[in-house]
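Data block below; observations after.
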Amino acid sequence: MQIKSKLNNIVNSALKANGIEIEEVVVNEATKVEFGDYQYNGAMALAKKLKTNPREIAQNLAKELDGNSIFSKVEVAGPGFINLTLDKEFLEQNLLNTLNNRAGVSKLNNPIKVVVDYSSPNMAKQMHVGHLRSTIIGDTIANLFEFLGDDVIRQNHIGDWGTQFGMLVAYFEESGANVDAKLSDLEQFYKEAKQRFDESEEFANKSRQNVVRLQGGDAETLKLWSTFIEKSLAHAQDIYNSLNVKLDSSHVRGESWYNSQLSNIVKDLETKEIAKESQGAKCIFFEDSENPIIIQKADGGYLYATTDLAAIKFRVQELGAKRVCYVVDARQAEHFKQVFQTAKDAEYANNDTKLEHIAFGMMLDKSGRPFKTRSGGTVKLKELIDEAVDRAKGVINRANEYSNEELEHIAKVVGIGSLKYSDLSINRQSNYIFDWDKMLSLDGNTALYMQYAYARINSILTKAGDIAETEPTLGDELERRLALKVLSLEDTLIKAYKEAMPHIITSYLYELATLFMKFYEQNPILKDGVSQEQKESRLILAKATANAIKVSLNLIGIEVLERI
RNA sequence: GCGCUAGUGGCUCAAUUGGAUAGAGCAUCAGACUUCGGAUCUGACGGUUAGAGGUUCGAGUCCUCUCUAGCGUACCA
């Protein structure tokens, strides 16, 4: 349930009762446990505006709020903070509603259509670590948006066009290699082709001609090209499947798909006098930057900015998106800023369409350098995943209690889960320092701690048998806080939704799990001497916690295990 | 050169977007067990938030300058 918006409304009425009208009331979670559950800090700002005493405003407001049975305590502190503590009964009444497959989270009142552009690997090469962050961050926000009710369209803007394919085609023709080659061979061919391209002018020209043939729709060239793409996509699909990422072939709309629209985009931008010629190329200049974006090269070829503009136009005008999220590396910030600006200038997107660059930092090794293999090459995503699963096997405590099959499954869930969780649990905007040991650690804010908490609760619930789902009676402060944490899942998800920040979900998960562990340490459930009423209430708390963990983990694309 | 982004205990990260005494985990040290799964929990130690100014009731957060690092800087994506 949305606790915050409920409180906002309550405070808003209290303000009105005091004759104060303001645009937006914001109640926040308390910064410290001693301050209660929530706090309203608006009195200070109001006092400034109304030129009165903040303490006085706060007192009057508190008096009004105190009458509401939702609070067990309302107090004014410091210069005019209003600290709010929720009444147990309110929490008790709502806890049972969280025991469904949405953990009590309702859908948004005003869902919109959203395009999430993520993963976007280059074809003819294997996916490598550079694609990991976009793929899992993008998938998480797509899951989250979808869960909250938005109409999400996933778009995999694969790099399937351009000079590189001309090169590849030329090399295949030259070397007479078998087109049925595996992707790993294809990648080798790509390297060799690149070398030929750099050393031979003749080869380079041939490659460029191939690009022209490709763009012109030459059947032979296209056939060869589509074979490359098919193989590359099959490889990408394997990766998505093992990462538990919901991308499939229906989401693929690569650069090639926009090819036919590019000349019109350029013409249109020229007509609108947004683009102009400079040094033989068609460019768009900006006041605040010395660098233009180039939409057509001097030789007539198009560039990725052109494709991106065509994509925006398509997504907004054809797909009807009101929010378009580009989950792309932070280095492209300037590119997107300029492309978005151009899209607005050209009216491909109007002002109520949100174009967002969901930027993320680089993946670095422990010493702060780009994450590479020992010999300095790029780390293939497949290798990374295999190693994660392999290492996970070594971490599982009761490995001998499981069959090989079970162990494989657990290792997969734990390994992949850890790989994803450690990435998603930090603010995406900063660089991510990748560390195997930390990732598979049992302590702290890790996937394993969460998996363990879930399995442990599951064990209790199994032992307890059927649970009477009656309204609980919350005992001590820990129980009250745990119930509140479970109920605040929706507020958390809404925050993560607004900012497209997955780590907000993992922070919540960690707080929830630690709170449960503390509660459980102090408050026995199935031991002797626990009254029936206490037992039932605590079981419901445990069940609600497990359910919230499961729903949250699923949102970030991680499975739970009944046993671990 | 210009531009963008960042700089928070030894390490890895938070900080509800301007709120109260800057919070966690790791590491270190000290505790709690005939375990409802101890893969747990409880403490302690550790900070001039890179530095200097400024804005105001109030700054890690906003502004200016300096330092440091990374990235981007015209026909790759």
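State the number of residues belonging to the stretch A:122-151 that are without any contact (Cβ under 8 Å) to a residue 12 or more places away in the chain and closer than 22 Å to A:PHE371 by Cα. Give the steps one after another, and end with the answer.
Within the stretch A:122-151, the first condition is being without any contact (Cβ under 8 Å) to a residue 12 or more places away in the chain, and the residues that meet it are A:146.
With the extra rule that they be closer than 22 Å to A:PHE371 by Cα, the set shrinks to none.
Total meeting the criteria: 0.
Among the residues of the stretch A:16-33, how many are farther than 22 Å from A:LEU493 by Cβ and either at pLDDT 95 or above or among the small types (Gly, Ala, Ser) (or both)? Outline the logic, then answer.
First, pick out the residues of the stretch A:16-33 that are farther than 22 Å from A:LEU493 by Cβ: A:16-23, A:32-33.
Checking which are either at pLDDT 95 or above or among the small types (Gly, Ala, Ser) (or both) leaves us with A:17, A:19.
So the answer is 2.
Of the conditions (1) surrounded by 21 or more Cβ atoms within 10 Å (Cβ to Cβ); (2) modelled with pLDDT of 90 or more, A:MET167 satisfies every one except a single condition; which number is it?
With respect to (1) surrounded by 21 or more Cβ atoms within 10 Å (Cβ to Cβ); (2) modelled with pLDDT of 90 or more, A:MET167 is out only on (2).
Just a yes or no: is a residue in the stretch A:300-319 over 30 Å from the mean Cα position of the chain (by Cα), in the same structural domain as A:SER207 (by TED's automatic domain parsing) and over 30 Å from A:ILE137 (Cα atoms)? Lay out the reasoning, then the answer.
Kept after step one, since they are over 30 Å from the mean Cα position of the chain (by Cα), are these residues of the stretch A:300-319: A:300-302.
Restricting the remaining residues to those that are in the same structural domain as A:SER207 (by TED's automatic domain parsing) gives A:300-302.
Checking the rest, the ones that are also over 30 Å from A:ILE137 (Cα atoms) come to A:300-301.
Checked the stretch A:300-319: at least one residue is over 30 Å from the mean Cα position of the chain (by Cα), in the same structural domain as A:SER207 (by TED's automatic domain parsing) and over 30 Å from A:ILE137 (Cα atoms).
Restricting the search to the stretch A:53-77, which residues are basic (Lys, Arg) and assigned to a helix (DSSP H, G or I)? I'd like the intermediate steps shown before the answer.
Quick first cut of the stretch A:53-77, residues basic (Lys, Arg) only: A:55, A:63, A:73.
A:ARG55, A:LYS63 - these are the residues of the stretch A:53-77 that are basic (Lys, Arg) and assigned to a helix (DSSP H, G or I).
Applying the selection to the stretch A:496-525, what residues are farther than 24 Å from A:GLU146 by Cβ and among the aliphatic types (A, V, I, L, M)?
If the condition is that a residue be farther than 24 Å from A:GLU146 by Cβ and among the aliphatic types (A, V, I, L, M), then A:ALA513, A:LEU515, A:MET517, A:ILE525 are the ones that fit.
Among the residues of the stretch A:301-314, is there at least one that is of a type outside the set (A, V, I, L, M), more than 9 Å from RNA strand B (Cβ to nearest atom), in contact (Cβ under 8 Å) with a residue 40 or more places away in the chain and closer than 26 Å to A:GLU499 by Cα? Before you say what the answer is, go through the steps one by one.
Residues of the stretch A:301-314 of a type outside the set (A, V, I, L, M): A:301-302, A:304, A:306-308, A:313-314.
Applying the additional criterion that residues be more than 9 Å from RNA strand B (Cβ to nearest atom) yields A:313-314.
Now restrict to residues that are in contact (Cβ under 8 Å) with a residue 40 or more places away in the chain: A:313-314.
This time we only want the ones that are closer than 26 Å to A:GLU499 by Cα, so: A:313-314.
Yes, the conditions are met somewhere in the stretch A:301-314.
Does A:ASN404 count as farther than 19 Å from A:ASP443 by Cβ and polar (S, T, N, Q)? So that I can check it myself, show each step before the final result.
Details: farther than 19 Å from A:ASP443 by Cβ: yes; polar (S, T, N, Q): yes.
Criteria met by A:ASN404.
Against the condition surrounded by fewer than 17 Cβ atoms within 10 Å (Cβ to Cβ) and within 33 Å of the chain's Cα centre (by Cα), how does A:SER119 come out, does it pass? Spell out how you get there, then give the answer.
Working: surrounded by fewer than 17 Cβ atoms within 10 Å (Cβ to Cβ): no; within 33 Å of the chain's Cα centre (by Cα): yes.
Considered against the rule, which asks whether it is surrounded by fewer than 17 Cβ atoms within 10 Å (Cβ to Cβ) and within 33 Å of the chain's Cα centre (by Cα), A:SER119 comes out as no.
Being near RNA strand B (Cβ under 9 Å from one of its atoms) and assigned by TED's automatic domain parsing to the domain that holds A:ASP345, is that true of even one residue in the stretch A:238-250? Explain how you work it out, then say what you get.
Filtering the stretch A:238-250 down to residues near RNA strand B (Cβ under 9 Å from one of its atoms) leaves none.
Scanning the stretch A:238-250 turns up no residue that is near RNA strand B (Cβ under 9 Å from one of its atoms) and assigned by TED's automatic domain parsing to the domain that holds A:ASP345.
For the structure I just gave you, tell me whether A:GLY417 is out of contact with any Phe, Trp or Tyr (no Cβ under 9 Å at 6 or more places or on another chain), crowded, with 16+ Cβ neighbours inside 10 Å and farther than 25 Å from A:LYS527 by Cα. Before you say what the answer is, go through the steps one by one.
On the way: out of contact with any Phe, Trp or Tyr (no Cβ under 9 Å at 6 or more places or on another chain): yes; crowded, with 16+ Cβ neighbours inside 10 Å: yes; farther than 25 Å from A:LYS527 by Cα: yes.
Criteria met by A:GLY417.
Just the residues that are loosely packed, with under 12 Cβ neighbours inside 10 Å, within 15 Å of RNA strand B (Cβ to nearest atom) and under 17 Å from A:GLN59 (Cα atoms), please, taken from the stretch A:9-31.
Passing the criteria: none in range.
Among the residues of the stretch A:80-89, is any of a type in the set (Gly, Ala, Ser), in a strand (DSSP E or B) and within 16 Å of RNA strand B (Cβ to nearest atom)?
First, the residues of the stretch A:80-89 that are of a type in the set (Gly, Ala, Ser): A:80.
Still in the running and in a strand (DSSP E or B): none.
Looking through the stretch A:80-89, none of the residues is of a type in the set (Gly, Ala, Ser), in a strand (DSSP E or B) and within 16 Å of RNA strand B (Cβ to nearest atom).
Would you point out which residue out of A:SER430, A:SER403 is exposed (fewer than 13 other Cβ atoms within 10 Å of the Cβ), farther than 25 Å from A:ASN547 by Cβ and in contact (Cβ under 8 Å) with a residue 60 or more places away in the chain?
Details: A:SER403 fails: in contact (Cβ under 8 Å) with a residue 60 or more places away in the chain.
That would be A:SER430, the only listed residue that is exposed (fewer than 13 other Cβ atoms within 10 Å of the Cβ), farther than 25 Å from A:ASN547 by Cβ and in contact (Cβ under 8 Å) with a residue 60 or more places away in the chain.
Looking at the stretch A:364-373, can you tell me whether even one residue there is buried (at least 17 other Cβ atoms within 10 Å of the Cβ), of a type in the set (A, V, I, L, M) and either outside any helix (DSSP H, G or I) or within 12 Å of RNA strand B (Cβ to nearest atom) (or both)?
The answer is no; no qualifying residue exists.
Residues of the stretch A:394-429 being assigned to a loop (DSSP other than H, G, I, E, B), under 17 Å from A:LEU448 (Cα atoms) and more than 24 Å from the chain's Cα centre (by Cα), which ones? It would help to see each step written out before you state the result.
Our first condition is that a residue be assigned to a loop (DSSP other than H, G, I, E, B); within the stretch A:394-429, this holds for A:396-398, A:402-403, A:425-429.
Retained after the next criterion (residues that are under 17 Å from A:LEU448 (Cα atoms)): A:396-398, A:425-426.
Scanning the stretch A:394-429 gives A:ILE396, A:ASN397, A:ARG398.
Inside the stretch A:232-272, can you point out the residues that are among the hydrophobic types (A, V, I, L, M, F, W, C) and within 17 Å of A:GLU318 (Cα to Cα)? Don't jump to the end; show me each part of the working.
Taking the stretch A:232-272 first, the residues among the hydrophobic types (A, V, I, L, M, F, W, C) are A:233-234, A:236, A:239, A:243, A:245, A:247, A:252, A:257, A:262, A:265-266, A:269.
Answer for the stretch A:232-272, where residues must be among the hydrophobic types (A, V, I, L, M, F, W, C) and within 17 Å of A:GLU318 (Cα to Cα): A:VAL252, A:TRP257, A:LEU262, A:ILE265.
Among the residues of the stretch A:21-65, what is the count of those that are among the polar types (S, T, N, Q) and closer than 10 Å to A:GLY80 by Cα? Lay out the reasoning, then the answer.
In the first step, residues of the stretch A:21-65 are kept if they are among the polar types (S, T, N, Q); the result is A:28, A:31, A:39, A:41, A:52-53, A:59-60.
Still in the running and closer than 10 Å to A:GLY80 by Cα: A:41, A:53, A:59.
The number of residues fulfilling the criteria is 3.
List the pairs whose first member sits in the stretch A:163-179 and is over 13 Å from A:GLU192 (Cβ atoms), whose second member is at pLDDT 85 or above and among the hydrophobic types (A, V, I, L, M, F, W, C), and whose Cβ atoms are under 6 Å apart, counting only residues at least 6 apart or on separate chains?
A:THR163/A:VAL211; A:PHE165/A:TRP225; A:GLY166/A:VAL211; A:VAL169/A:LEU224
Would you mind stating whether A:SER256 is within 16 Å of RNA strand B (Cβ to nearest atom) and loosely packed, with under 13 Cβ neighbours inside 10 Å? Break it down stepwise before answering.
Details: within 16 Å of RNA strand B (Cβ to nearest atom): yes; loosely packed, with under 13 Cβ neighbours inside 10 Å: no.
Criteria not met by A:SER256.
For the stretch A:399-422, give me the residue count where each residue is under 25 Å from A:GLY138 (Cβ atoms) and more than 11 Å from RNA strand B (Cβ to nearest atom).
Initial filter on the stretch A:399-422 (under 25 Å from A:GLY138 (Cβ atoms)): A:412-422.
With the extra rule that they be more than 11 Å from RNA strand B (Cβ to nearest atom), the set shrinks to A:412-413, A:415-417, A:419-421.
Matching residues across the stretch A:399-422 total 8.
The values are calculated or read from the model by the stated rules, or taken from the named source; none is laboratory data. Please read these numbers as outputs of a predicted model, since none were measured by experiment. Virtual Cβ from ideal backbone geometry, glycine too; neighbours counted across all protein chains shown.
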